[in-house]
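S.K.: Quick one: the structure is below, questions incoming.
The values are calculated or read from the model by the stated rules, or taken from the named source; none is laboratory data. Here the structure is a predicted model, which is why all the values come from computation and not from measurement. Cβ sites come from the backbone with ideal geometry, for glycine too, and all protein chains shown count toward neighbours.
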């Protein structure tokens, strides 16, 4: 089955990521799950349409989950499913769905198998408690599972575990057309190339033409990033951008200029 | 004037960050503005209560800005105030406030002074267009200013510029009591220390006790992060956490274990 068979309307499904954790909002922890999830979803043709970062607060978690699961095809959550007092995500998600918060027998069995005799205490048993009807998602790192409830996919916040869980669950997602991107580096300042870019965007409305200035060691320029599910138009728009740069007497670079320089060191 | 004079109710003002940009949601760019803003707001006693990441889409920007400015004391936006076709933040914010989107005379003068003769083209003039009534915020890096409109503070997305703008604007904010934090590292797994931590949290409700497992090179442990505006209780709760670790036959480390090890290399 090709990805387009899953997506007869031509519009990719939309997802929202809810990042749950005081540690992100306090600046203690730098989130890197958003960019990982975004890149992975691109590959399977799911659009990450929004992300929200919220604290470990019951009312906020319940309200945000209910708002987002009604609005988007898929909701992913990260954080708050560990063994400590501030890990309240699963209880809140059960409340959001109005289902019983219970010991999941399958998750319980996984923890019993994983921990040595006497180590599976009350705190760790929290990691087997979740809303009734949850479908488990394997955690290849530390065993305590993620899960799906309705269109909500619940994952850990620790990046290596989150990534393992996503890889275990991605076959459950019905994607659309993968999004491809092309990046052209230019030493032309954003303000000079802007007019030409606007014309390319107007000519290829199904290509997202983004422009990102960079400043590095007294010099600078602009990275042009083009993204689309329509590869023919993506290539044509990218070539039009290269031509703008040439017409301005400069040289288009393939990829990010800064990264290319770094790689050459 | 001490910070508490600004905050007679004892509750710190709350802020929301709106990160605007397709490049974040596509995974192309790793946001680092959230953690910077969070850390800076801690210092002046403003709580970052939520963050949203949204695309460069007019309806979404207008709706999100209006929802968040009604809900929070302060709203900060990053991204979308450059010279290109996808820089639509200012126009959307003017629409959100229902005010005229106009050439700001003061911003115009800054750009006229900055650019050489003939360089201030139509695209760059976009950076001087904003909602009527905007109060400018200095951009010490590339001159095109940020601004305040009502309780909404509009900043660039490029981190070095965003940081410069925040430093230029922070005197405009009325903060509360600064939030302090203490970090204790432990080699005890999260699931074993969880019960004791829960007791500390229950005993000191005005201290936020967070627990973050780490896994590194086959070993692991837990970082315990305590945060509060009440320094006396913060110190007492931190000592209680150290005592739990000692009572379990282990050694509490000051700071993050991983970072301490890294520094010692």
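S.K.: For region A:201-210, give me each residue that is within 9 Å of chain B (Cβ to nearest Cβ) and either assigned to a helix (DSSP H, G or I) or free of Cβ contacts under 8 Å to residues at least 24 places away in the same chain (or both).
M.R.: Once the filter is applied, which keeps residues that are within 9 Å of chain B (Cβ to nearest Cβ) and either assigned to a helix (DSSP H, G or I) or free of Cβ contacts under 8 Å to residues at least 24 places away in the same chain (or both), region A:201-210 yields A:201, A:202, A:208, A:210.
S.K.: Test residue B:234 against the stated conditions and say whether it is within 14 Å of chain A (Cβ to nearest Cβ), under 26 Å from the mean Cα position of the chain (by Cα) and in a helix (DSSP H, G or I).
M.R.: Yes.
S.K.: A further question follows. Looking at region A:154-164, which of its residues are within 9 Å of chain B (Cβ to nearest Cβ) and surrounded by 18 or more Cβ atoms within 10 Å (Cβ to Cβ)?
M.R.: Result: A:157, A:158, A:161.
S.K.: Can residue A:38 be described as in a strand (DSSP E or B), touching a helix residue (DSSP H, G or I) at 6+ places or on another chain (Cβ under 8 Å) and without any contact (Cβ under 8 Å) to a residue 60 or more places away in the chain?
M.R.: When the stated conditions are applied, residue A:38 does not pass them.
S.K.: Which number in (1) within 11 Å of chain A (Cβ to nearest Cβ); (2) surrounded by fewer than 20 Cβ atoms within 10 Å (Cβ to Cβ); (3) in a strand (DSSP E or B) marks the one condition that residue B:16 misses?
M.R.: Of everything listed in (1) within 11 Å of chain A (Cβ to nearest Cβ); (2) surrounded by fewer than 20 Cβ atoms within 10 Å (Cβ to Cβ); (3) in a strand (DSSP E or B), residue B:16 misses just condition (2).
S.K.: Then there is this: Quick check, is residue A:240 at negative phi, surrounded by 14 or more Cβ atoms within 10 Å (Cβ to Cβ) and at pLDDT 95 or above?
M.R.: When the stated conditions are applied, residue A:240 passes them.
S.K.: Still on this structure, I have one more. Could you please find all residues in region B:143-164 being outside any strand (DSSP E or B) and in contact with a strand residue (DSSP E or B) (Cβ under 7 Å, 6 or more places away or on another chain)?
M.R.: Selection gives B:145, B:151, B:156, B:157, B:158, B:160, B:162.
S.K.: At pLDDT below 95 and over 24 Å from residue A:40 (Cα atoms) - does that describe any residue in region A:207-214?
M.R.: Taking every residue of region A:207-214 in turn, at least one turns out to be at pLDDT below 95 and over 24 Å from residue A:40 (Cα atoms).
S.K.: Here are some residues: B:83, B:140. Which one is in the same structural domain as residue B:165 (by TED's automatic domain parsing), over 26 Å from residue B:35 (Cβ atoms) and in a loop (DSSP other than H, G, I, E, B)?
M.R.: B:83
S.K.: For region A:58-83, what are the residues that are within 9 Å of another protein chain (Cβ to nearest Cβ) and closer than 15 Å to residue B:210 by Cβ?
M.R.: Selection gives A:82, A:83.
S.K.: Now, a different point. Could you check region B:86-125 and list, in sequence order, the residues that are surrounded by 12 or more Cβ atoms within 10 Å (Cβ to Cβ) and assigned to a loop (DSSP other than H, G, I, E, B)?
M.R.: Residues satisfying the conditions are B:86, B:87, B:88, B:99, B:104, B:115, B:119, B:120, B:121.
S.K.: Got at least one residue in region A:105-114 being in contact with a helix residue (DSSP H, G or I) (Cβ under 6 Å, 6 or more places away or on another chain), at pLDDT 95 or above and closer than 27 Å to residue A:40 by Cα?
M.R.: yes
S.K.: Taking the criterion of being part of a helix (DSSP H, G or I) and within 14 Å of chain A (Cβ to nearest Cβ), would at least one residue in region B:165-187 satisfy it?
M.R.: Yes; the residues of region B:165-187 include at least one that is part of a helix (DSSP H, G or I) and within 14 Å of chain A (Cβ to nearest Cβ).
S.K.: Inspect region A:92-109 for any residue being away from every other protein chain (no Cβ under 14 Å), under 18 Å from the mean Cα position of the chain (by Cα) and under 27 Å from residue A:38 (Cα atoms) and give the result as yes or no.
M.R.: No, there is no match, as no residue in region A:92-109 is away from every other protein chain (no Cβ under 14 Å), under 18 Å from the mean Cα position of the chain (by Cα) and under 27 Å from residue A:38 (Cα atoms).
S.K.: Which numbered condition trips up residue B:5, out of (1) modelled with pLDDT under 95; (2) assigned to a helix (DSSP H, G or I); (3) closer than 30 Å to residue A:255 by Cβ?
M.R.: For residue B:5, the failing item is (3).
S.K.: Search region B:188-197 for residues being over 15 Å from residue B:237 (Cα atoms) and surrounded by 20 or more Cβ atoms within 10 Å (Cβ to Cβ), and hand back the single one that is farthest from the other protein chains (Cβ to nearest Cβ).
M.R.: Within region B:188-197, the match that is farthest from the other protein chains (Cβ to nearest Cβ) is B:188.
S.K.: Identify, by number, the condition in (1) at pLDDT 95 or above; (2) farther than 19 Å from residue B:29 by Cα; (3) in contact with a strand residue (DSSP E or B) (Cβ under 7 Å, 6 or more places away or on another chain) that residue A:226 doesn't meet.
M.R.: (2)
S.K.: Right, something else. Please indicate, with yes or no, whether at least one residue in region B:128-136 is touching a residue at least 40 places away in the same chain (Cβ under 8 Å), buried (at least 23 other Cβ atoms within 10 Å of the Cβ) and part of a helix (DSSP H, G or I).
M.R.: No, there is no match, as no residue in region B:128-136 is touching a residue at least 40 places away in the same chain (Cβ under 8 Å), buried (at least 23 other Cβ atoms within 10 Å of the Cβ) and part of a helix (DSSP H, G or I).
S.K.: Let me ask another. Do we have residue A:221 as outside any helix (DSSP H, G or I), in contact with a strand residue (DSSP E or B) (Cβ under 6 Å, 6 or more places away or on another chain), within 30 Å of residue A:106 (Cα to Cα) and within 13 Å of another protein chain (Cβ to nearest Cβ) here?
M.R.: Against the criterion (outside any helix (DSSP H, G or I), in contact with a strand residue (DSSP E or B) (Cβ under 6 Å, 6 or more places away or on another chain), within 30 Å of residue A:106 (Cα to Cα) and within 13 Å of another protein chain (Cβ to nearest Cβ)), residue A:221 does not qualify.
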